[in-house]
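Structure, as structure tokens:
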Amino acid sequence: MTQHVDFPNLYVVNHPLVAHKLSYMRSIDTSTRSFRALLRELTLLMGYELTRDLPLTTINMKTPLCEFEAPVIAGKKIAVVPVLRAGLGMADGLLDLIPSARQGHIGLYRDEENFPVEYYVRLPKAEGRLFILCDPMLATGHSAVHAAHVLLKHGVDAKHIRFLALVAAPEGIKAFHATHPDIKVFVAALDKGLNEHAYIVPGLGDAGDRIFGTK
Ligand code: URA
């Protein structure tokens, strides 16, 4: 995982398995079934990096041979929050990794000018919890900026929020960094940019349509 030189809050998970799986997700020939499976596998790999610095504590444990102070994650207060609808495709992978996590949802739609409007927000209590926001495509950054704002309004400290995306455009990262410089963003790839329809290029198309097989 490397911290980006221009955007200090951006972490690119560069691992051969991540690159390989993402390439197949990008392919127009990948079926809905494979796309979903790859997204889940990628979320597991990325979630592993995103949680790398979770604090540990120890508990006394008895093995068949002796007692010892065993390391376990401290606090265990984690929430997974997909941004509807495409974020749902990442939530299950994160919950496989952290089965005791609470789950929230943030539903946003885009108005005529492509700005996000909330239609559904349901979140677990902040309570010092780490909130993992997930949405596969960080394109203009409008939804990501708004979703992070929803969590801040809910009382979550910026240092307790992490954003997990698959592919980002520099335009979106720039916008997110300008508004939320203290929130870490984890991606599998930083692509070239946006086209005139605000799609990421080369990207992978509409992530929601590809996960759910709609169009
Ligand atoms: N949302 C998507 O699903 N894909 C893009 O390329 C941009 C936004």
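Any read-out appearing in this document is the output of simple, stated calculations on the displayed coordinates, not a laboratory observation. Just so you know, these numbers come straight off a predicted model, no measurement behind them. Cβ: placed from backbone, ideal geometry, glycine included. Neighbour counts: every protein chain shown.
For segment 90-212, the percent of C-alpha pairs falling in each 10 Å distance bin, counted from 0 to the bin holding the largest distance, reads 13, 45, 35, 7, 0. Taking N as the residue count of segment 65-161, its C-alpha radius of gyration divided by 2.2 N^0.38 Å amounts to 1.25. The aspartates and glutamates within cross-link reach of residue 192, meaning a Cα-to-Cα straight distance under 12 Å and a gap of 8 or more places when in the same chain, are 171. Quick one: go through segment 120-138 and flag any residue whose amide nitrogen is under 14 Å from the point 7 Å out along the Cα-to-Cβ line of residue 212. Within reach of a label on residue 212: 120, 136.
Distance cut-off 19 Å, Cα to Cα: go down the list 77/159; 125/153; 21/77; 77/125 and report the pairs above it. The answer is 21/77.
Taking the DSSP bridge list for the chain and keeping only pairs wholly inside it, about 45 percent are antiparallel. Between residue 201 and residue 72, the C-beta separation translates, for a Förster distance of 45 Å, into a calculated FRET efficiency of about 0.55. Of 42, 195, 109, which is farthest along the charge dipole of segment 2-212 in the positive direction, counting Lys and Arg as +1 and Asp and Glu as -1 at C-beta? Going by the charge dipole, the pick is 42. Between the Cα long axis of helix 32-50 and the first principal axis of the chain there is an angle of about 50°, rounded to the nearest 10.
Principal semi-axes of the equivalent ellipsoid, √(5λ) from the alpha carbon gyration tensor of the chain, are 29, 20, 17 Å from largest down. Once the Cα atoms are used to define both axes, helix 88-97 deviates from the longest principal axis of the chain by about 20 degrees.
Between the helical axis of 170-179 and the longest alpha-carbon principal axis of the chain there is an angle of about 60 degrees. Report summary: the helix-based calculation at 222 nm, which adds -39500 (n - 2.57) for every DSSP H run with n ≥ 4 and divides by the residues of the chain, gives -9500 deg cm²/dmol.
Relative protection proxy for 86-96, 111-121, from highest mean packing down: 86-96, 111-121 (other beta-carbon atoms within 10 angstrom).
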